[in-house]
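Novice: The structure is given below, and queries will be raised subsequently.
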Amino acid sequence: MAPTASLGSHTRVEDALAYLPISSTTEYGKGQRIYGTNHSSKSIYLVVTGKVELSKVAADGSEVLLEILRPDELFGESAFLDASRRAEQATALEKVSVMAWTISEIEDLVMKRPRLAVALLQILAQRNAEFTRHIESLAIDTIERRLARSLLRFSERLGTREEDGSVRMMPLTHEVLSRYVGTSREVVSQYMNKFRRQGYVSYSRRGIFLHADLLRTLLDRSGFPSPDISS
């Protein structure tokens, strides 16, 4: 894949995959840990198929959901840190296959292909910007609005448009949503039931069906702009 469009008048977005060689793939079953606090990351990974849950383990042992990664996205940059400072873990949210490159391989590739370093920095900067937006929402939004923003963001990243205009996402559990929103599963269930009664969402074994335009209108009426979900 060739480098893509620019972020601005002087910044070109680099495609990291254009500089990474094909590696062998490894498959993980749903719920299987790819790396974690007891088995820290030693590589940079690429999601080939499926979806990966990236989370952080808090001091009290609870997990905070950081991101749900889709195919063609890289993760595992915590491997660049000292092992004693890592609290990140990656888990297969469904059956996944991933490629991996060790840190030493990445370092050798960067020496040979300097634009790879730029591409990786852009990925990290984009991810940091998204984490910052999420922290801001945790600080100023009510739980209801945090949940609405989270559903909209996941619908953009993970959803497919249905004929009726709704967006179908994978069947994310209320427990998974609660770890991203920063509340309990019971509270998320309360608001999801409210959104369903109001016609913003419906859900079944096939997944969550979100009427995104209606939910954005609700946020606009509440004086909150729609979240930046272009990433």
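The values are calculated or read from the model by the stated rules, or taken from the named source; none is laboratory data. Because the structure is a prediction, the values reported are computed rather than measured. Backbone-built Cβ (ideal geometry, glycine too); neighbour counts: all protein chains shown.
Novice: When you go through K112, K95 one by one, which is the residue that is farther than 30 Å from G29 by Cβ and either acidic (D, E) or surrounded by fewer than 20 Cβ atoms within 10 Å (Cβ to Cβ) (or both)?
Specialist: Working: K95 fails: farther than 30 Å from G29 by Cβ.
After ruling out the rest, the residue left standing is K112.
Novice: Have a look at S78, S40, S55, S62 and point out the one that is within 11 Å of the chain's Cα centre (by Cα) and of a type in the set (S, T, Y).
Specialist: Unique residue meeting the criteria: S55.
Novice: Can you tell me which residue is farthest from R157 (Cα to Cα) among those in segment 22-52 that are touching a residue at least 60 places away in the same chain (Cβ under 8 Å) and charged (D, E, K, R)?
Specialist: Looking only at segment 22-52, we keep the residues that are touching a residue at least 60 places away in the same chain (Cβ under 8 Å), and these are 22-32, 34, 42-44, 51.
Now restrict to residues that are charged (D, E, K, R): 27, 30, 42, 51.
On the way: E27: 22, K30: 20, K42: 27, K51: 11 Å.
Among those that are touching a residue at least 60 places away in the same chain (Cβ under 8 Å) and charged (D, E, K, R), it is K42.
Novice: A further question follows. Among the residues of segment 182-191, is any more than 24 Å from G31 (Cα to Cα) and either surrounded by fewer than 20 Cβ atoms within 10 Å (Cβ to Cβ) or at pLDDT below 90 (or both)? Spell out how you get there, then give the answer.
Specialist: Initial filter on segment 182-191 (more than 24 Å from G31 (Cα to Cα)): 190-191.
Among the residues that remain, those that are also either surrounded by fewer than 20 Cβ atoms within 10 Å (Cβ to Cβ) or at pLDDT below 90 (or both) are: 190.
Among the residues of segment 182-191, at least one is more than 24 Å from G31 (Cα to Cα) and either surrounded by fewer than 20 Cβ atoms within 10 Å (Cβ to Cβ) or at pLDDT below 90 (or both), which makes the answer yes.
Novice: Any residue at all in segment 212-219 that is within 21 Å of L93 (Cα to Cα), hydroxyl-bearing (S, T, Y) and over 13 Å from the mean Cα position of the chain (by Cα)? I'd like the intermediate steps shown before the answer.
Specialist: Narrowing segment 212-219 to residues within 21 Å of L93 (Cα to Cα): none.
No: zero hits.
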